[in-house]
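Visitor: Have a look at this one.
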Amino acid sequence: MAPGRSTRATRGSRQASVVPEAPLDTPDNALRTQVAAVFRDAQKTTASHRKLAVTLRKIQEACCYEPTSTKKPAEADEFEEDDFNREFVRCVLRVMPIKKSEGVGEKTVRFIGLFLRHAVEKDNEILGEADPDASTMPETPSTRLTGHLMETVLSLMIAKDKFVRYRSTQLISHIINSLDAIDDDLFQKLRSSLLRRIRDKEAMVRAQAVLGLGRLAGNQIEGEPDSDDSDDDGSTGLLEKLLEVLQNDPSADVRRSLLVNLPILPTTLPYLLERARDQDALTRRAVYSRLLPALGDFRHLSLSMREKLLRWGLRDRDENVRKAACRLFRERWIEDCAGTAPPVEGGQPSEVSPPSMEALLELLERIDVVNSGGENGVALEAMKGFWEGRADYRNAVNFDDNFWETLSSESVFVARTFNDFCRNEGNGKYESLVDEKLPEVTKLAFYLERYVKVLIDAIKRINEQEVEDEEEEEDTVEQEFIVEQLLHIALTLDYSDEVGRRKMFALLRQTLSIPELPDEVTKLTVQVLRDLCAPDAAGEKEFCSIVLEAVADVHDTIVDDVPDEGDIDDNESFHSARSEVSDDEDSQSKKKKNKGPELSEEEAAQKAIKEIMINMKCLHIVQCMLTNVAGNLQQNDHLVSMLNNLVVPAVRSHEAPVRERGLVCLGLCSLLDRSLAEENLTLFMHFFAKGHTALQITALHILTDILNVHGAQLLSNNTNLLKVYVKALRAGGRSPDVQAAATVAVSKLLLGRVVSDVDVSAELLKTLVIAYFEPASAENQSVRQALNYFLPVFCYSRPENQDLMRRVALDALHTLYNVREGLDDEEADVDDQMVSMSAIAACLVDWTDPRKCYNPDEGFSAGLDPEKKTVSADVHLDFAKDILEKLQGNGAKEEKRIMAALLVKLYIPSGSSPSSSPSSPTRIREVYALATNAVENNLLSDATSRNALYKIHVSLGKIVNALDAAAEQDAANNAAGAGRHASIASGATTHRRSASRAGSVAPSRAGSVAPPASKAGGGGTVSRAGSVAPSVSGAAAAAPPVNTRKRKEREVSVAVSIKEEDEGEEDVEMSGTRVADDDDDDDAGDRETTPKPTSTTATEAQETPGTEQRRLLRGVSVRSRTGRRQSLQSVVSVQPQQQRKEQEEKQEGQEEEEKQQPPTTGRRGSRRASAVKAKARLSAAGRSSRAGTEDSIVEEILDDSDGDTVMERTKIEEEEVEDEEGEEEEDGEGGVEDGEDEEDDDEEDGEDGGKDDEQLVEELLSDDGDDSV
């Protein structure tokens, strides 16, 4: 297929998403078989790609070049170049529809790029050395194949199928990165097509497009640096578009692809390094693991950029990014300083250089350790990772005497970080290195004394110079840094050596009295002094006395201004020994001594400035001391004296710096004494109201610390204090720094539960919620970041906090709604300034979701799935109640719509759920009543709000109905439980009577009489040694099986009649008597003589255990005759209420019919009744020994009682038993005498089916272990 025709066909149908069909129509041939075999093998593994490329190249040469040998030509020699190109393109097009997840597509694309590169190299070898100055590329079979392939694939980059676009773009980009040169016309086509793909809706297509464009941009800049004929789409425009994609593309894969493939140029480097702050962790990691190692020597970066990169990487929130940054510092940058060969292609150094102290010192110098080595500097974190990952430097470092005598800022920082790492990391694993390499306390004290003297001399020289010298100042800063690092080392030393402790103590005491000592050195000196003193109260007093003596020495320098030598008193050199109580006498004597010529204005100004500086120095020392004191102020005389003589005068000073420093000291003193804090609350609030921004922030910090230490009672007693916090939180427009400080302060008070008053907490929380969403704080990132962490943590930590948020939610929503309405009047875009009200409402619902609240009983066992947690929904129920009450008020329609939408987002659990609290059903009913009222009154007009209201109304209605049904069931269960207790008591009495009666019955002989089976197919009984298993009466067996309800009623009646007959015949003796049933011919007569009680529950409760067992056996026999094996529960099962009423009505009708019919007094009926009575007695006597196990059966049957009360059922059963006993006395005279006739009749009737019935009964009894003997 010709390239031009293919291109025109594709452009004519831009919507085509399939590959061209022309190559598919050609018939198979030998060339196609060979090319297809190569592509088939290339899909399997990449290991054989090189060999397959050589094979395919041979096929191409056979088609494109004349054979050089006279041997038998190969099959490929019969084909032309166009044939090979057509078959090659045909196989390539098969890759286009393959999905991204399929690995064969990646392997095939890599093989195509490898083959084209190999073919171009071979063609260049055949063609010879090309002219480098030639303006056109030489035309070879490989260039023609490449052009034909790209022309074909370019048309597929606009296909509808996203995978076709992806594969075509991937192939084009891979070919571009594989080849060294390309035709100019083709270059422009590729560039324009790829530029369109960087706007593709699929991220995978955009990622492949930028891979190719990155290579094109780099080559174009290198090839045409001074081109003047470039249009708007030139190299500059291409780079700008790629940089825009790098900054704004939503896909992290696209940004990461550009980060790795864009050329590193002075114009692109800042944009590339910006990706160290990318929101995607993998992209940030790629900056440290791929971009910076490929950049080369890090010293080409500016100092500020090095510090930023280290700070961003080492303090990243992702651990992998932190590891990559630390690895870059200790492996790549240190090797650059050591002069290691440049890294290989993988980005790693060719070989690791041996440890070099010079390289380490240069590395620290390159990151400006003096400025970055402070308390919050990044150099500390970088060196911590360095010592952890470079064990060779850890073991090779050597701190000898020469090292300590020639300290620099970098070398002393190495010693300080090494000491901190060995003492704090590894759980004491590296303590031996410290003892081995660092000097003892005494020697370190001498070194410290030496460098302190150098520092003081440098400071004095600077003060004496009239013109500032930058080199001198830099040297002073370096000396100050050295002393600070030595003091940091002194903070971690072991002072068990008394000699070293005394030397260090005397040195620090003397150093603290120097007025020129820098503030940071002063702070560290006071901390070391506190460690040298004992940790108890006596040690604290000693520490305070030493520091205050140093303060007195510094304060005395105010009056020590150049007096004559003759006027110097001997006592002037002992200012430190004087107490501050004698200040008045000293001041009077000093006034007398200072009388002399008046000072000029300039001298007076200098003296005033010096006085201010000395007072500031004294207050700073006191401030450092107070931060290290924790005892009671009133119990320390030194602190009381300091407060009265230094702090209070400073607060009353007219000089603003002195007054502000005195305010801080007074706040620290207030933390040590509650009464002092209460007295000065008004003063602190005054400073907040009248002071500038810095003073307001200081006052807020002091007030917050006082509340944290002394409790929130101070806040409750002083109402103006709450106004201070509210005013500070609302000061976003005027002073954002004050608002940020107040936000952090209030967050600490609420999260720490310092503020206990509910109204105060609600007011503060409401203010915080408003500040989080209002537009005034949009530019204040400190406030947004603090509240972004505080609000979820506060709400999810305790249920009480969620309830507090629920209380203020609607008021805050109303305030924010008014704020947003005020923005609508302006022309600015509201959505850019403030989030939507629906988003605010969703946040409020989410913060009050009880399923997300932490439960200390469950911990985190429920995981992140809130559905698995057992929670109480009282918070959201109260929230729904508040919303429904607000909807009934007078509010804006839009505001009501927003509140109504919250109803469907609330968590409302089932009312019968065990997880609900005891108050949940009550709350549910209250909310349901409000919802019902809202629905009936049509409070909401729009459809969305009505649907939300209807939804919660229906949900609550279902829950209320379930609660009502559960309440009715509980009431019925309580009534049944009371009746059950009464029935069990009556059953116990019957059990005692049956047991005594069973003891008087003689055991039957070994052998049993098989009763005859009824004609209706009734089952007989199975005889056991020592027992007789009676059968039920044939009347029940002859019942028609059509009506199941009537059959169950008859079974119940038979069981009850057996029990009643057993109770009525107490005087009949059955010992040695063979009992048999007759053939049950007269079923109607049997049914007439069998009473049918209306209820069986009360009678069953009075049965003995033996009677219960016998009734169970008779029930089994009845079921065998009817052909159904039903359990005992089916015989006496509880029927629904409606069915039970129908059954009672039918039983009453049958009883009335039985009363109207004459009783049967025939001989057969009387004999059968007597036999049944005799069997019942034998059964009771044989089963009385198992009364214990049958009590449970009685209880089960009692549980299945119907709806009649116990007293009613008992009364009915007693009346029926009395009637039965009377009838049995009339018919009982000839029952035993006619036994022989019964046996004859039973034998005749049992010939047909008795054997089968006996086997069935035996089988049933054998399955029931409790009924067989």
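Visitor: Each residue of the range 275-281 in order: what ³J(HN,Hα) in whole Hz does its phi give by Karplus 6.51 cos²θ - 1.76 cosθ + 1.60, θ = phi - 60°, with x for Gly and Pro?
Guide: Whole-Hz 3J(HN,Hα) from phi for the range 275-281: 5, 5, 10, 5, 6, 8, 5.
Visitor: Turning to a different aspect of this structure: Just to confirm my numbers, what's the Cα centroid distance between the range 450-522 and the range 134-170 in Å?
Guide: So the two Cα centres are separated by 72 Å.
Visitor: In whole Hz, with x marking every Gly and Pro, tabulate ³J(HN,Hα) for the range 682-689 from phi via Karplus 6.51 cos²θ - 1.76 cosθ + 1.60, θ = phi - 60°.
Guide: Ordered by residue, 3J(HN,Hα) equals 4, 5, 5, 5, 5, 4, 5, 6 Hz.
Visitor: Along the Cα→Cβ direction, 7 angstrom out, place labels at ALA630 and LYS44. What is the inter-label distance in nm?
Guide: Label at ALA630, label at LYS44, 7.4 nm between them.
Visitor: How far, in nm, would the chain grow between MET613 and GLU779 when pulled straight, counting 0.36 nm per residue and subtracting the alpha carbon separation?
Guide: Gain on extension, MET613 to GLU779, equals 56.0 nm.
Visitor: Here's something else I'd like to know. Over 22 Å between C-alpha atoms is what I'm after, so list which of LYS881/LYS958; LYS308/LYS437; LYS384/LYS748 land there.
Guide: Those over the limit are LYS308/LYS437; LYS384/LYS748.
Visitor: Give me the Å³ per residue figure for the convex hull around the C-alpha atoms of the range 748-847.
Guide: Hull volume over Cα atoms, normalised by residue count, gives 89 Å³.
Visitor: May I pose another question? If you add up the charges near THR45, with Lys and Arg at +1 and Asp and Glu at -1, over every other residue whose beta carbon is less than 14 angstrom from its beta carbon, what do you get?
Guide: Charge balance near THR45 sits at +4.
Visitor: Separate question: How big is the range 685-825 in terms of Cα radius of gyration and Dmax, in angstroms?
Guide: 14.6, 47
Visitor: Using only the alpha-carbon atoms, what does the range 926-965 span along each of its principal axes? Please give whole angstrom values in decreasing order.
Guide: 34, 15, 11 Å, listed from the longest principal axis down.
Visitor: Same structure, new question: Take the Cα pairs of the range 287-419, get the Kirkwood Rh, then feed it into Stokes-Einstein at 4 °C and 1.567 mPa s and tell me D in µm²/s.
Guide: Answer, rounded: 86 µm²/s.
Visitor: Would you tell me the accessible area of GLU520, worked out with a 1.4 angstrom probe on the heavy atoms of the protein chains, in Å² to the nearest 10?
Guide: The accessible area of GLU520 comes to roughly 70 Å².
Visitor: Rounded to two decimals, what is the ratio between the C-alpha radius of gyration of the range 626-762 and 2.2 N^0.38 Å?
Guide: After normalising by residue count via 2.2 N^0.38 Å, the value is 1.05.
Visitor: Moving to a separate point now. At q = 0.08, 0.15 Å⁻¹, what log₁₀ I(q)/I(0) does the range 408-554 have when each alpha carbon counts as one equal point scatterer in the Debye sum?
Guide: Debye output, listed in q order: -0.25, -0.82.
Visitor: With viscosity set to 0.692 mPa s at 37 °C, what whole-number translational diffusion coefficient in µm²/s follows for the range 388-452 from Stokes-Einstein and a Kirkwood radius over Cα pairs?
Guide: Answer, rounded: 261 µm²/s.
Visitor: How long are the semi-axes of the equivalent ellipsoid of the range 431-478, taking √(5λ) for every eigenvalue λ of the Cα gyration tensor, in whole Å from largest down?
Guide: 33, 12, 4
Visitor: Still on this structure: Please state the Cα pair-distance histogram of the range 516-555 with 5 angstrom bins from zero: what percent is in each bin?
Guide: Percent of Cα pairs in each bin: 6, 23, 28, 25, 13, 5, 0.
Visitor: Per residue of the range 834-839, what does 6.51 cos²θ - 1.76 cosθ + 1.60 with θ = phi - 60° give for ³J(HN,Hα)? Whole Hz please, x for Gly and Pro, Karplus curve as stated.
Guide: Karplus-based 3J(HN,Hα) across the range 834-839 equals 8, 5, 5, 5, 5, 5 Hz.
Visitor: Just to confirm a number: summing +1 for Lys and Arg and -1 for Asp and Glu over residues other than GLY373 whose beta-carbon lies under 10 angstrom from that of GLY373, what do you get?
Guide: -3
The values are calculated or read from the model by the stated rules, or taken from the named source; none is laboratory data. None of these values were measured; they are calculated from a predicted model. Ideal geometry is used to build each Cβ from the backbone, glycine not excepted, and the neighbour counts take in all protein chains shown. Calculation scope for accessible area: heavy atoms of the full protein, side chains included, ligands and nucleic acids excluded. Shrake-Rupley method; radii C 1.70, N 1.55, O 1.52, S 1.80 Å.
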